[in-house]
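Here it is: the structure, laid out below.
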Amino acid sequence: MSLLIPLYVHPAEDPGAWHRLITAADRTYGVVINPANGPGPVPDPAFVAAAGALRAAGARLLGYVDTDYGTRPAAEVAEDARRHREWYAADGCFLDRVSSAATELPAYRALVRGLRRQGSAPVVLNPGVHPAPGYARLADLVVTFEGPWSAYVRAFSRPDWTRRHPPERFCHLVYGVPEALAPLAVRTARERGAAVSGPVTGELPNPWARLTPVLTGAQR
């Protein structure tokens with residue numbers, strides 16, 4: 001299976017979760033590195049060590065960068081991506097709070113091209129909903145659902161345009177998943193056209209402070 005892992009907890013706070021992630025790194029699509037809602041003002045030694053161990057275990061690292069739905073200056077986004085590459089040896093970037101509007105496509109197109117020229121690959125976009133179709137052509141992966149399991153089960157709909165793209169281009173991030181149903185969440189994502197997923201049991205305000213039990217269950 002292909003799992004996208006945003007683990008938003010400090011390695012010193014939950015070293016066990018990071019250790020389990022490192023031992024299962026080969027089962028992931030990528031791991032999102034997020035020291036301080038981005039790279040932070042200076043390198044964090046604990047994240048430097050964790051990132052190095054993940055890379056040694058074969059994980060692909062994605063630096064977390066907030067785009068604030070297109071309102072954040074492109075230069076600031078690019079600087080965050082640069083810091084992730086230089087401090088944590090990130091391969092690519094995970095752009096969060098991405099706009100889904102067609103009107104913002106030109107700006108995001110220019111942003112992604114600039115990031116690729118600087119060496120960020122892959123580029124993951126997270127609008128958290130199905131965006132205007134053009135976004136799927138910009139990124140290596142687009143998160144087209146981010147939300148609770150209850151909404152995923154009852155209210156998910158898939159627009160026809162997504163069927164023109166391979167499932168490997170889409171990801172669903174679902175939180176509040178009952179632990180026993182985490183494997184079902186992965187299968188459901190695949191049935192709905194997303195080959196990449198990351199179901200977690202956590203809830204708001206930070207559901208990504210826990211590993212998905214699909215990953216940790218393999219270690220029991």
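The values are calculated or read from the model by the stated rules, or taken from the named source; none is laboratory data. Just so you know, these numbers come straight off a predicted model, no measurement behind them. Neighbour counts run over all protein chains shown; Cβ positions are idealised from the backbone, glycine included. We work out accessible area using only protein heavy atoms, side chains counted, and drop any ligands, DNA or RNA first. Shrake-Rupley method; radii C 1.70, N 1.55, O 1.52, S 1.80 Å.
Which of the residues spanning the stretch 47-64 are out of contact with any Pro (no Cβ under 8 Å at 6 or more places or on another chain) and either crowded, with 23+ Cβ neighbours inside 10 Å or aliphatic (A, V, I, L, M) (or both)?
Answer for the stretch 47-64, where residues must be out of contact with any Pro (no Cβ under 8 Å at 6 or more places or on another chain) and either crowded, with 23+ Cβ neighbours inside 10 Å or aliphatic (A, V, I, L, M) (or both): Val48, Ala51, Ala53, Leu54, Ala56, Ala57, Ala59, Leu61.
With respect to Ser157, determine if the residue is open to solvent by 40 Å² or more (accessible area, probe 1.4 Å), outside any helix (DSSP H, G or I) and among the hydroxyl-bearing types (Ser, Thr, Tyr).
Taking the combined requirement at face value, the residue satisfies it.
Does the stretch 144-153 include one or more residues that are in a helix (DSSP H, G or I) and either hydroxyl-bearing (Ser, Thr, Tyr) or modelled with pLDDT under 95 (or both)?
Looking through the stretch 144-153, at least one residue is in a helix (DSSP H, G or I) and either hydroxyl-bearing (Ser, Thr, Tyr) or modelled with pLDDT under 95 (or both).
If you scan the stretch 31-46, which residues turn out to be within 17 Å of the chain's Cα centre (by Cα) and either at positive phi or hydrophobic (A, V, I, L, M, F, W, C) (or both)?
Val31, Val32, Ile33, Ala36, Asn37, Gly38 - these are the residues of the stretch 31-46 that are within 17 Å of the chain's Cα centre (by Cα) and either at positive phi or hydrophobic (A, V, I, L, M, F, W, C) (or both).
From the list Ala36, Ala81, Ala75, which one is in contact (Cβ under 8 Å) with a residue 12 or more places away in the chain and either open to solvent by 60 Å² or more (accessible area, probe 1.4 Å) or outside any strand (DSSP E or B) (or both)?
Ala81
Kindly list the number of the only condition in (1) in a helix (DSSP H, G or I); (2) open to solvent by less than 20 Å² (accessible area, probe 1.4 Å); (3) farther than 19 Å from Ala24 by Cα that fails for Ala180.
(2)
Something else: So which residues in the stretch 54-106 are touching a strand residue (DSSP E or B) at 6+ places or on another chain (Cβ under 7 Å) and more than 16 Å from Val32 (Cα to Cα), if there are any at all?
Result: Arg72, single match.
Okay, moving on. Evaluate the following for Gly202: is it small (Gly, Ala, Ser) and part of a loop (DSSP other than H, G, I, E, B)?
yes
Only one of (1) touching a residue at least 12 places away in the same chain (Cβ under 8 Å); (2) farther than 20 Å from Arg137 by Cα; (3) surrounded by 12 or more Cβ atoms within 10 Å (Cβ to Cβ) is not met by Ser150, so which one is it?
It is condition (3) that Ser150 fails.
Also, I was wondering about something else. Of all residues in the stretch 54-72 being part of a helix (DSSP H, G or I) and of a type in the set (A, V, I, L, M), which is farthest from the chain's Cα centre (by Cα)?
So the residue we want is Ala56.
Next question, about the same structure. When residues of the stretch 89-118 are filtered for being among the charged types (D, E, K, R), open to solvent by less than 50 Å² (accessible area, probe 1.4 Å) and part of a helix (DSSP H, G or I), how many remain?
Going through the stretch 89-118 one residue at a time, the tally reaches 0.
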